[in-house]
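The structure appears right after this line, and notes come after that.
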Amino acid sequence: MNNQPRRMGYGAWVALVASSVLVLAGCGGGGDKKPDGGASKSSSSHAAGSTGGSAPASASPTQILAQIKGEKNVEVSIYSAARDSGGFVTIQGAVTNNGTDVFDATNWVGQETAVSQSGASVAGAVLVDQAGKKRYYVLRDTDGKCLCTMKLLSIQPKETRPIFAQFPAPPAGTTSVEFQLPTMPPAKIQISEG
């Protein structure tokens, strides 16, 4: 009987190391990862405006501040309009295609050439403070893209997608504004403190 330890072949050694790496990688808690729902700031990159990206977490769809019905049976629901301490107002909601045709939000980018590169998005949205006689446009990142939901293409019939848009905040005393989106009727919404 031979009591000397066996030597491991090169192939077995490589397999052992590879499986150890996989086990250790699988144990990583992901503690450094930030959830996709983290709030975006004006200094965010254009990823904040992508379909998921760094968009704020969705507000509860049980609370509806306003519903806007537009052409082709497209409906926009606004769930929240929250003012944060950084001087911004973030609108969160959803777009639902209640029609029979695929919907692209190409007309919602608005007429402003500076945000035209945002493509099919809610970049053309505006908050209007009628009492203060001011309009607030969607904020942009350093690349000129909107801090809002982009890539609103091929929305299928009966499909609902979350949307958000971030604006400069009106004065603290202003709690009621009008939300306007190109091709859609305006809607009055209340701003809450975030």
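The values are calculated or read from the model by the stated rules, or taken from the named source; none is laboratory data. Since the structure is predicted, the reported quantities are computational estimates derived from the model, not experimental observations. Cβ sites come from the backbone with ideal geometry, for glycine too, and all protein chains shown count toward neighbours.
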Discussion item. For the stretch 127-159, which positions are assigned to a strand (DSSP E or B) and touching a Phe, Trp or Tyr at 6+ places or on another chain (Cβ under 6 Å)?
Written reply: LEU127, TYR136, ILE155
Practice prompt. Give the stretch 160-176 a look and list any residue that's outside any loop (DSSP other than H, G, I, E, B) and out of contact with any Phe, Trp or Tyr (no Cβ under 8 Å at 6 or more places or on another chain), or say none.
Written response: THR160, ARG161, PRO162, ILE163, PHE164, ALA165, SER176
Worksheet entry | Unmet criterion (only one of (1) modelled with pLDDT under 90; (2) touching a His at 6+ places or on another chain (Cβ under 9 Å)) for GLU112 | (2)
Discussion item. Anything in the stretch 51-79 that is modelled with pLDDT of 95 or more and hydroxyl-bearing (Ser, Thr, Tyr)? List them, or say none.
Written reply: SER77, TYR79
Discussion item. For the list (1) over 16 Å from MET184 (Cα atoms); (2) modelled with pLDDT of 90 or more; (3) not in a loop (DSSP other than H, G, I, E, B); (4) not polar (S, T, N, Q), I need the number of the one condition that GLY93 fails.
Written reply: (1)
Response to the item:
Counted residues in the stretch 65-124 being farther than 19 Å from VAL177 by Cβ and hydroxyl-bearing (Ser, Thr, Tyr) come to 7
Fill in: Any hit, the stretch 110-123, residues being free of Cβ contacts under 8 Å to residues at least 40 places away in the same chain, in contact with a Ser or Thr (Cβ under 6 Å, 6 or more places away or on another chain) and either buried (at least 16 other Cβ atoms within 10 Å of the Cβ) or assigned to a loop (DSSP other than H, G, I, E, B) (or both)
yes
